[in-house]
Amino acid sequence: MRTRNGDPAESKGFTRHLPQKLFSFHMLKKKPPVLRHFLSLVSRRANHLARQQYDVIVVGGGHAGTEAAAAAARVGAETLLVTQKINTIGALSCNPSLGGVGKGQLVREVDALDGLCGQAGDWAGIHFSILNRRKGPAVWGPRAQLDRQRYREFIQSELLSTPRLTVLEGSVEELLVTEPDTAEPGHHRVTGIRLVNGSHPISASSVILTTGTFLSGSLFMGQTTSPGGRIGDAPSSAGLSHTLRERLGLRTGRLRTGTPPRIVKDSVDLSLAQIHPADSHPTPFSFLNKHTRCKPEEQLPCYLTSTTPGVERVVRESLHLNHHIHEDTKGPRYCPSIESRVLRFPGRSHQVWLEPEGVTSDLLYPQGLSMTMPPDMQLRLIREIPALHRAEIYTPGYGVQYDFVCPTQLSPALQVKSTQGLFLAGQINGTTGYEEAAAQGLWAGVNAARCALDLPPLALSRTESYIGVLVDDLVSRGVTEPYRMFTSRAEFRTSLRPDNADLRLTLKGFEEVGCVSPLRYQEAVRVRDSLQDALAALQTLTLSTHKWRQKLPDVCISENKNTTLSGVELLQYNDASFEMLASAFPESLSAYLEFSQRLKIEAVYKPHCDMQRKEIERIQKEESMSLPQDIDYLSLPVSLSQEVREILDRVRPSTLGAATRLQGITPAAVVNLLRYVRNTEQKERRTHRNQPHRKEEREEEPCARKASLPQ
Ligand SMILES: Cc1cc2nc3c(=O)[nH]c(=O)nc-3n(C[C@H](O)[C@H](O)[C@H](O)COP(=O)(O)OP(=O)(O)OC[C@H]3O[C@@H](n4cnc5c(N)ncnc54)[C@H](O)[C@@H]3O)c2cc1C
């Protein structure tokens, strides 16, 4: 086994030039300062901080923390990001890749709200591909293999040059909260943090915890267990877990994940693996980028190989030496270790992807070979795979177990219900994956800033975004295993497409949320207006099928059809493209050629989306029906089983929609609840009409409060 300087998890020496902000359509041109110098300028010691009071403090500089800090600052809050090591900000703990099916949608949405990860992916990507291409564009999964170092450099550069954001290297020991409220026992308010080494407290109106896999983290390799949040990094301090559990009384659980060994590229016989080139035209993640930094021809390939019966044999022989695999803790079902795969599906061959770790990296990442057996057995195992028969391991695989906070204790703004000003985001909420963490981080950052600035909290609905689906799933259903995003989780996925995230979120992000820059907003308005104009032009192009056949002989329009078709309807034919229409009608359509693909997708999904829009409107009306927070579910005079009553009483969903998605809540229970809320509302209205002059008296009625709806 070889060791070298520049461990992917611990690399410290940055000598490359950094990007400046990517707020243009083209990639960066100006040479920014060298990172090490940059870090020394912006990192601060706690007692050198310009202020000891911030609007928002973010704890942890992983994928959730970086988006949270940047979003809070964009909304206008004076923000402090405290993280254990500045040089691990933006570190990719596991696979150097971004996006994928479901996850790519999240990246596009984070980008649409002016987050960082999409642009960082465009800067650091070295192999771009759209997954699921055989299915419709709604469920395509934009994905990129990344250069680890470039990704980290980009995120650090962006954060360290964000106005209103200070970055502090340090470990948070304690969360400062008020004593419980006597009027509302068990309710606290966050007031700030204290760092390890007993420094002065730093105050804030809002604190966001994004401690990832570090909360009471333990690392596993073979029979060895050691405290840690990630290889080379100490776990989060015990004081933080203590505050969450003992002082705030939050319910926590334990989950696990793992990572494969990194393999020395030169030692692999790639001729024995199947080459997988990248897409010939890389698709950027960011709506602001027309190109990726990596040119199409510079992209690196991935390779596919598979396990042999020898792999299964080594797994079985090493089971007694593998502590991690014997633990009851739940691991990621959709990204399981090789041990779990082999034990769950014996006798099968399993895919292994060999993926580059960076442009100049000597290492390969073997996706599918996450393992926690002793290092010598890891070497034996990988050498059972023909392409890896002489492979050398650079760093062995390992597992991590960590605490998470049961997310049903959070509001849709990701705020802890019982602690004003405390927000949680990322793996601490039981999710897995960079994209899930980034999406929550952004949303927690927005709401923490709004809370600090005395603005009302905001929620994204599951009818408008994958971020809404993610947050709603977490806060209303909770997790029993590491949660990852899939397109199947989104009921309205044909409307929530990766291509239209800007139209769904950028305008709202600027006009209502306040986290989007004017530049991005102007671009989204230009795109929206152009698409609307182009669709209107297509709609007015109405010809008989006979005429269409003459104009576009290459499109297979049925001979039997003797009706008229609009340009939009014609675009719905598989073999019709917007370019064809633009060449037939250049005067009305050629101005929109830059949107060819988007127009084709819009046209194809139009009938379905029109139907879905009506459905969404109906659901939104009922979904958004508020449920009073003080409703007494245990004695509510409606037909509900005791089990349903207890679930509702424990979770206290804020809307009917949230109640619908709770595990254990039956459709019949929802209907009864809906009827009850509607009846109460009607009664309220009747009482109000009949007693117009007794407003003060009515407000004082003690039991009216229980059954009434917030106005
Ligand atoms: C070994 C391993 C394997 C993984 N495998 C997979 C996988 O196969 N698939 C997958 O999707 N995901 C995997 N992940 C998970 C992925 O890394 C996370 O989902 C993602 O990084 C979560 O982002 P986060 O921001 O929540 O936390 P992290 O990225 O873990 O960041 C947490 C940050 O908080 C900081 N921090 C912690 N405590 C404190 C404190 N008290 N004070 C200050 N700073 C603190 C840490 O230094 C760190 O910067 C794996 C992670 C690990 C460690």
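Sorting the segments 474-484, 69-79 by their mean number of nearby beta carbons within 10 angstrom, highest to lowest, gives 69-79, 474-484.
So for the stretch 465-615, averaging the separation of alpha carbon pairs under 8 Å that are six or more residues apart and normalising by length, what relative contact order in percent results? Mind showing how you got there, number by number?
On the way: 115 pairs, mean separation 29.3, N = 151.
Rounded, it is 19 percent for the stretch 465-615.
What is the ratio of the Cα radius of gyration of the stretch 262-335 to 2.2 N^0.38 Å, with N the residue count, to two decimals?
Details: Rg = 19.1 Å, N = 74, 2.2 N^0.38 = 11.3 Å.
Compared with the compact-globule rule of thumb, the stretch 262-335 sits at 1.69.
The calculated pair-distance distribution of the stretch 517-617 uses every alpha carbon pair, bins of 5 angstrom beginning at 0, and gives 2, 12, 22, 22, 17, 12, 7, 3, 1, 1, 0 percent.
Quick one: if you take sqrt(5λ) for each eigenvalue of the C-alpha gyration tensor of the stretch 262-398, what semi-axes come out, biggest first, whole angstrom?
Details: eigenvalues 183, 61, 37 Å².
One finds semi-axes of 30, 18, 14 Å for the stretch 262-398.
The amide H of A234, built 1.01 Å from its N in the peptide plane, has G229 as neighbours under 5 Å, considering only residues 5 or more places off or on other chains.
Distances between every pair of Cα atoms in the stretch 476-565, grouped in 5 Å steps from 0 to the bin holding the largest one, split as 2, 10, 12, 12, 11, 13, 13, 10, 7, 6, 3, 1 percent. A Cα-only calculation for the stretch 95-233 places Rg and Dmax at 20.0, 59 Å. The protection proxy used here, the mean number of other Cβ atoms lying within 10 Å of each residue, ranks peptides 361-373, 499-511 as follows, highest first: 361-373, 499-511. Once both labels are positioned 7 Å from their Cα atoms along Cα-to-Cβ, the gap between K85 and S641 label points is 5.1 nm.
Scattering from the chain was approximated by placing one identical point on each alpha carbon and applying the Debye formula without solvent; log10 I(q)/I(0) at 0.07, 0.08, 0.09 1/Å stands at -0.53, -0.68, -0.86. Here the sum of -39500 (n - 2.57) over DSSP H runs of 4 or more residues, divided by the residues of the chain, equals -10000 deg cm²/dmol at 222 nm, to the nearest 500.
Determine by what factor the alpha-carbon radius of gyration of the stretch 67-168 differs from 2.2 N^0.38 Å, reporting the quotient. Present the calculation step by step, with values, prior to reporting the outcome.
Values: Rg = 14.6 Å, N = 102, 2.2 N^0.38 = 12.8 Å.
The value comes to 1.15.
Put simply, when 460-468, 338-346, 522-530, 412-420 are sorted by average Cβ atoms within 10 angstrom per residue, most first, you get 460-468, 412-420, 338-346, 522-530. With a simple spin-label model that places each label point 7 Å from the Cα along the Cα-to-Cβ direction, the separation between S624 and H291 comes to 4.3 nm. Net charge of the neighbourhood of L175, taken over other residues with C-beta under 13 Å away and scored Lys/Arg +1, Asp/Glu -1, is +1. Note that the stretch 138-148 has calculated 3J(HN,Hα) couplings of 5, 10, 5, x, x, 9, 9, 7, 10, 8, 3 Hz, one per residue in order, obtained from phi through the Karplus relation 6.51 cos²θ - 1.76 cosθ + 1.60 (θ = phi - 60°); glycine and proline are x. Each residue in W443, W140 was given a count of other beta-carbon atoms within 10 angstrom of its own, and listing them fewest first yields W140, W443.
Computed from phi, the 3J(HN,Hα) profile of the stretch 393-409 under the Karplus parametrisation 6.51, -1.76, 1.60 (θ = phi - 60°) reads 8, 8, 10, x, x, 7, x, 9, 10, 8, 8, 10, 9, 4, x, 5, 8 Hz, with x in place of Gly and Pro. With neighbour counts taken as other beta-carbon atoms within 10 Å, the residues M221, M485 rank, fewest first, as M221, M485.
How big is D for the stretch 192-287, in µm² s⁻¹ as a whole number, if Stokes-Einstein is applied with the Kirkwood radius of its Cα pairs at 25 °C and 0.890 mPa s? Let's see the in-between values first.
On the way: Rh = 18.2 Å.
For the chosen part, D equals 135 µm²/s.
Rule-based calculations on the coordinates, nothing more; no lab input. This one's a predicted model, so the numbers in the text were calculated from it and none came from an experiment. Glycine gets a Cβ as well: all are built from the backbone with ideal geometry, and neighbour counts include every protein chain shown.
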